Amino acid sequence: MRFASFEISGHPTYGVVEASGHFRPAPAAFVRRFPDLKSVIAANALGELATAAQASESVAPEQVRQLPVIPNPGKLICVGLNYKSHVAETKRPDAEYPSLFLRFNDSLAAHGDEVLRPSFSERLDWEGELAFVIGKGGRHIAKEDAFEHIAGYACFNDVSVRDWQKHTHQFTPGKNFPGTGPFGPYLVSRDEVPDVTQLQLETRLNGQVVQHASVGDLIFDIPTIVAYISRFTPLSPGDVIATGTPGGVGDRREPPLYMKSGDVVEVEITGLGILRNPIGLAA
């Protein structure tokens, strides 16, 4: 099933996304029990939501403003340098452990949102990624149990302001400009993805392919990521983990290529839809 957070007539809600692209919002009685999609996941009630939403009237995409799949994760953790092709283009050595950094919730954006380049930087770059959402919390999760803790998967674009990212060895500033982390268009439940390593990831800028890789090429696979992170912090339902980007980022091209106003960036992953965002300029 496909699940999403969205607004109808300015009112935030959530529900099911049909194959046609139409939305079926959660009924009011259901929302009173579970105020947001994160609380549905925490209650292990995605199946109940799928059933309940069938009683709602179908809403056309143009009547909906999408929100980040999970607008309010308790933790938003990103893995850096997690494809050999990206490590090679950055000329960094191999790492023994996953490289992690955090994003703030207000850095998230939705499918269709305009991502704004700050006026004082010319170096806005794309990073197409696979993200997953924790369904069952835990600490010290074993690798062999990791997938049991995942609710589903979605596309993510870890858009980066490269000069601010490189001010120091800490990535935080360049990764946390408001609305620079598109996340969507929807969450695909784990049961719909029998083998995540078979997924193909592609990023396109104005229709031209700039990244293409198999999720199976991750250096640190999803079980390793879940086990490692859960050793130092408890994972909770609704937490979001982005797994890293493959080679092909604009900053490492010769000459470099950055996103500018009027561009459109897309991240597509097999079976997870297309995350599309126009680029604008911050006032």
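Each reported figure results from applying straightforward, stated rules to the coordinates on display, with no laboratory input. Since the structure is predicted, the reported quantities are computational estimates derived from the model, not experimental observations. Ideal geometry is used to build each Cβ from the backbone, glycine not excepted, and the neighbour counts take in all protein chains shown.
Here are some notes:
- Taking 19 Å as the straight-line reach from the Cα of residue 260, the lysines in range (excluding those fewer than 8 positions away in the same chain) are 175.
- The HN-Hα couplings worked out from phi for the stretch 198-211 by the Karplus form 6.51 cos²θ - 1.76 cosθ + 1.60 (θ = phi - 60°) are 8, 6, 10, 10, 9, 10, 10, 10, 6, x, 9, 5, 10, 9 Hz, whole numbers, x standing for Gly and Pro.
- Dipole magnitude of the stretch 76-281 about its Cα centre (Cβ charges: Lys, Arg +1; Asp, Glu -1), debye to nearest 20: 520 debye
- Highest-MSF residue in the chain out of 146, 109, 154 [GNM, Cα springs under 10 Å]: 146
- Ellipsoid semi-axes for the stretch 15-55, based on the Cα gyration tensor and the rule √(5λ), read 17, 11, 8 Å when sorted largest first.
- For the chain, modelled as a GNM whose springs connect Cα atoms under 10 angstrom apart, the maximal fluctuation among 117, 103, 33 occurs at 33.
- Computed P(r) (all Cα pairs; the chain; 5 Å bins; percent): 1, 6, 13, 18, 20, 17, 12, 8, 4, 1, 0, 0
- Centroid-to-centroid separation of the stretch 63-83 and the stretch 124-182 [C-alpha atoms, Å]: 7 Å
- Once backbone amide H atoms are built at 1.01 Å from N, residue 152 has 133, 190 as its partners under 5 Å, excluding neighbours fewer than 5 places away on the same chain.
- Reachable lysines from residue 136, criterion Cα separation under 25 angstrom, eight or more residues apart if same chain: 38, 75
- Between the stretch 11-35 and the stretch 184-236, the Cα center-to-center distance that results, in Å: 25 Å
- Between the exposed loop cleavage positions of the chain, defined as chymotrypsin sites (Phe, Trp or Tyr not before Pro) in a non-H, G, I, E, B DSSP state with at most 14 neighbouring beta-carbon atoms within 10 angstrom, the longest gap is 121-283.
- Straight-line cross-link reach from residue 143 at under 12 Å between alpha-carbon atoms covers these aspartates and glutamates, not counting any fewer than eight positions away in the same chain: 221.
- Which of 91, 143 has the fewest Cβ neighbours within 10 Å, and the rest in rising order: 91, 143
- Dipole of the chain, positive end: most advanced residue of 206, 34, 262 [Cβ charges, Cα centre]: 34
- The chain, helix-only ellipticity at 222 nm - DSSP H runs n ≥ 4, -39,500 (n - 2.57), divided by all residues, nearest 500: -3500 deg cm²/dmol
- Both the radius of gyration and Dmax for the stretch 1-149 are 18.4, 54 Å, in that order, over alpha-carbon atoms.
- Cα-based convex hull, the stretch 193-283, per residue volume (Å³, whole number): 157 Å³
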